[in-house]
Each structure stands twice: as structure tokens, then as C-alpha cells.
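Here is the structure we will look at, set down as C-alpha cells.
Taken together, the values in this text are just the output of simple stated rules run on the coordinates, not laboratory data. Computed from a predicted structure; not experimentally measured. Cβ placement follows ideal geometry from the backbone for every residue including glycine, while neighbour counts extend to all protein chains displayed.
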Amino acid sequence: MGFHNGNGSSGKTRAALPPDVLAAIAARVAVLTDASAGPTACHRWLGSMHPRACGWPRVHFAGRSWSVRQLQWLIAHGTLPARVYRTCDGEPSCVNQRHMTLENPRKKPPQPPRPPRWQKKLSVRRVKNLRRARAHGVRVVEMARRHNVDESTISRALRGETWKWVT
Ligand SMILES: [Zn+2]
């Protein structure tokens, strides 16, 4: 065989399928795809699934097992990605190209930076804790460090200039 599949982690395209082979695979995939629910709905895969807990649709062709989603991406975009993710929550065997992405949807978005410590606010519970801590001799600077609240904010609360109603 003059081609091989990218099965590694680099994400690089390693497939160079001859057009006639690609057309044959596309035809095979089309036969095994139930797209009767419409172009935007989930397309059920009628072929076999990889026998893992969260198995993916697969098809046997040219002596090996292929991920149908990877193949479909190849058919649609001309490149064979290392991994294709499903964006829909419905049909587990869905092979609709419109429900596929190369971005891992479960990857956490970058977290916003923590607010500077002076932005941290006190709460009734915190003020009560602070006043109890002071009664036990805890210093303001230590409270500020522990609660990530500005020292002057804590001092005002302890003196009763703020949070007067908290007893
Ligand atoms: Zn779907």
C-alpha cells in the first residue's frame, strides 16, 4: 500500500490517499451513514464502533480499521487529522461532519487573571471570623495575608468603621 494513516499525536497529516481509493472509502462511508434526519441533525453510523467504552465509529478498508470521523474529515477537507472531536451531545455514533471539530471542546478556556488583593471584599462571615481572630490575638497583617484582603479594609472592619451591624 502506498499510503498510511496518521495515528500518532503530532496532529500532522500523514495520509496521501490516491483519489480513487479516497472515492471508494467515501462511497463506503456514505452507504453506512444514516443521514435521514436531515443535514444539520446527527447522522447515525450504521457500521461498527470501536469496542472501547466510548468507542468511535470505525470502518474496515484496505486491510485496516479507520476512524470514520477522521476519514470524513479527510474526505471533506483533504487532510487526515490525528484526532477529531464531536461537538454534539446526542447520538453517540454521530458522524455528521457539521458536528465535528479539531478543537477539544472539553479543554478548559484560559482562566482570567486573579483580581488584585484590594478587590477582594469582606463578607459578614469573614468579618465575624476576623473579629474572632483578633480576640485570639491574630495580627492584622496575618489576617490580610490569610484572607487576601487589604490591611486597611480589615482594620476599618475591626474598628467598627465598617460592618457596624455585624456582631
Ligand atoms: Zn451529531
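With 10 Å bins beginning at zero, the pair-distance distribution over Cα atoms of the chain amounts to 9, 27, 16, 6, 7, 14, 14, 5, 0 %. Only one residue of 41, 59, 152 has its Cα farthest out toward the positive end of the dipole of the chain, where Lys and Arg carry +1 and Asp and Glu -1 on Cβ, and that residue is 152. By the helix-only formula, in which each DSSP H run with n ≥ 4 contributes -39500 (n - 2.57) and the sum is divided by residues, the chain has a 222 nm mean residue ellipticity of -9500 deg cm²/dmol. When the chain is treated as a GNM with alpha-carbon contacts under 10 Å, the residue of 135, 30, 82 showing the greatest mean-square fluctuation is 135. Of 69, 58, 126, the residue with the greatest mean-square motion in the GNM of the chain, using alpha carbon springs below 10 Å, is 126. When each of 124, 59, 95 is scored by the number of other beta-carbon atoms lying within 10 Å, the sequence from fewest to most is 124, 59, 95. Please work through the chain and write down the cysteines that have no neighbouring cysteine Cβ at a distance under 4.7 Å. So far as the 4.7 Å Cβ criterion goes, 54, 88 stand without a partner in the chain.
Per-residue Cβ neighbour counts within 10 Å put 131, 139, 44, 52 in the sequence 52, 139, 131, 44, beginning with the fewest.
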